[in-house]
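Structure record follows, encoded as structure tokens.
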Amino acid sequence: MLRFEDALARILALGSPLGSPLGSPLGSPELASESVELEEAEGRTLAEDVVAPGDLPAFDYSAMDGYAVCTRDLEGAEPYRLPVVGESKTGEVAPPLASHTVMRIFTGAPLPEGADAIVMQENVVREGDMAILGTRPRAGQHVRARGADLAAGAVAIPRGTRLRPGHLALAAAVDRSVLTVTTKPVVAILATGDELRRPGSEAVPGTIPESNTVALRSMARRAGATCRVLPYVRDDKGAHERAFASALEDADVLVTIGGVSVGDHDLVRPALEAVGVTLEFWRVAIKPGKPLAIGRFARPGRRDAIVFGLPGNPASAIVTFALFGIPLLRALQGDARPFPPFVRARMTRAHAHDPGRLELARATLGHGPRGLMVTTFGNQASGAVTSMAQAEALAFIPEDVTGVAAGEEVDVVLLSDLCD
Ligand code: AMP
Ligand code: MG
């Protein structure tokens, strides 16, 4: 059985643009890209370096409402009395500052030529056309200098960045309305099982509402993929093979749900192999999610399709797709940081553990006097659909311990970092 880290590394290598470290070529190292309007670029991954065409900001401007002054003009003892001449408003170029005068100026307005500091209006007394300054400002005070954020030619946002709202603002600030991003991977999601029916359909005894595809589709879309949820597949080998072969015609990633364990009706692995999928591995030493099959499907002239055979239990399916599937979808888009950083959190209460597998315990987060706190749920059953709705994080309970005590620190992954 593979350890978590090894499974993740192998999956990310499958998704990396340069191909697999196992030596198998996965197609062109250049990711396909397309141009999108800035407004549509949220969550996409940059396929170009966004470079500042000019200095940011492009001109010196005032950070305050107040008066533009030339500090060298303030001679002798405080206070200083100077006439107010002219005005600098936003959206206009101000006239130069006349010697031994001050100029009215507003936040965002260009610093007039000859001025080198701003005195905020709260610190100025007006007597008619005269301004009285109580103290001498230092040169540069309340001035946002040209190029202070970025110099012309600097990389504002590097290639491989998954675009968050702050990146969109920066792209706009460096005058971009269109960005080159990598194309969306196509994900096909396929649930298996004779017991499955659509939510809201007739409740035939023995059947259950199918609840995984809607969650996985939402996660994959948030990770930047185009998703197709295919019709449920009966527990019949021929039906599995037909559905898999058809899905693999145009999916970059095929996600199957259920039937990947060792029961008599677990047909996914043999059916995948029958249609030509090469299984990379199918067991990971984690709980939930031990039976997780990962495979590759060769496509002429294109990179291999990647197959995820997820276990059907709702918590197992969602946890494994969050930890392995989402980073894979990000890696396929050239994301330079497909897996989020771990954070450390202190357990609010003890958590018992059977040694053997790394446990990804569903948990909530909170704040305590000593920092971030994590509370693992009492019910960690892999079939507990409620737990996935309540979970904010996964606490990593090490494989070799018999439990973690209250107050002990563990690694935590925030689900919002994976399914944001
Ligand atoms: P399996 O992995 O096929 O052995 O299924 C394990 C458990 O998860 C069984 O209780 C199934 O009924 C349930 N299950 C499988 N697929 C789904 C699904 N798509 N939605 C909800 N429950 C499922
Ligand atoms: Mg099943």
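Taking the chain as a Gaussian network, Cα atoms linked when under 10 Å apart, which of Ala271, Ala58, Ala361 shows the biggest mean-square fluctuation? For the chain, modelled as a Gaussian network with Cα springs under 10 Å, the answer is Ala58. Here the contact order of the stretch 249-404, divided by its residue count and restricted to Cα pairs under 8 Å and six or more residues apart, works out to 20 percent.
Kirkwood hydrodynamic radius (Cα pairs, Å) of the stretch 1-152? For the stretch 1-152, the Kirkwood estimate is 19.7 Å. Since only Ala47, Gly15, Ser33 are under comparison, the one whose Cα sits farthest along the positive direction of the charge dipole of the chain, derived from C-beta charges on Lys, Arg, Asp and Glu, is Gly15.
Counted by Cβ distance under 11 Å from Leu163, the other residues give a net charge of 0, where Lys and Arg count +1 and Asp and Glu count -1.
Would you please state the base-10 log of I(q)/I(0) at q = 0.10, 0.12, 0.18 1/Å for the stretch 271-368, with intensities from the Debye formula using one equal scatterer on every alpha carbon? Taken in order of the listed q values, log10 I(q)/I(0) reads -0.37, -0.52, -1.01. In the elastic network of the chain, a GNM with C-alpha springs shorter than 10 Å, the most mobile of Val255, Val69, Val275 is Val69. Plainly put, the stretch 106-169 has a radius of gyration that is 1.18 times its Kirkwood radius, both from alpha-carbon atoms, as the Rg/Rh ratio. Between Glu122 and Ala9, the distance separating the two model label sites (each 7 Å from Cα on the Cα→Cβ line) works out to 5.5 nm. The calculated Kirkwood hydrodynamic radius for the chain is 25.4 Å, given to one decimal from all distinct C-alpha pairs. Inter-label distance, Thr71 to Glu273: 7.7 nm, where each label sits 7 Å from its Cα along the C-beta direction. The Cα atoms of the stretch 68-208 cover 93, 36, 24 Å along the three principal axes, with the biggest extent listed first. Taking only the Cα atoms of the stretch 43-108, the radius of gyration and Dmax are 17.9, 59 Å. Give me the net charge of Thr348's neighbourhood, meaning all other residues with Cβ under 15 Å from the Cβ of Thr348; Lys, Arg count +1, Asp, Glu -1. Summing Lys and Arg as +1 and Asp and Glu as -1 gives +2.
Ordered by the count of other Cβ atoms within 10 Å of each Cβ, fewest first, Ile132, Ile306, Ile294 give Ile132, Ile294, Ile306.
Each of Met373, Met347 was scored by other Cβ atoms within 10 Å of its Cβ. Listed from fewest to most, they are Met373, Met347. Based on alpha carbons, the Rg and Dmax found for the stretch 129-205 are 27.7, 88 Å. Put the Cα centre of the stretch 143-185 next to the Cα centre of the stretch 402-420 and the gap is 33 Å.
Coordinate-derived values only; no laboratory data. Computed from a predicted model, the values in this text were never measured in an experiment. Glycine also receives a Cβ, built like all others from the backbone with ideal geometry; neighbour counts cover every protein chain displayed.
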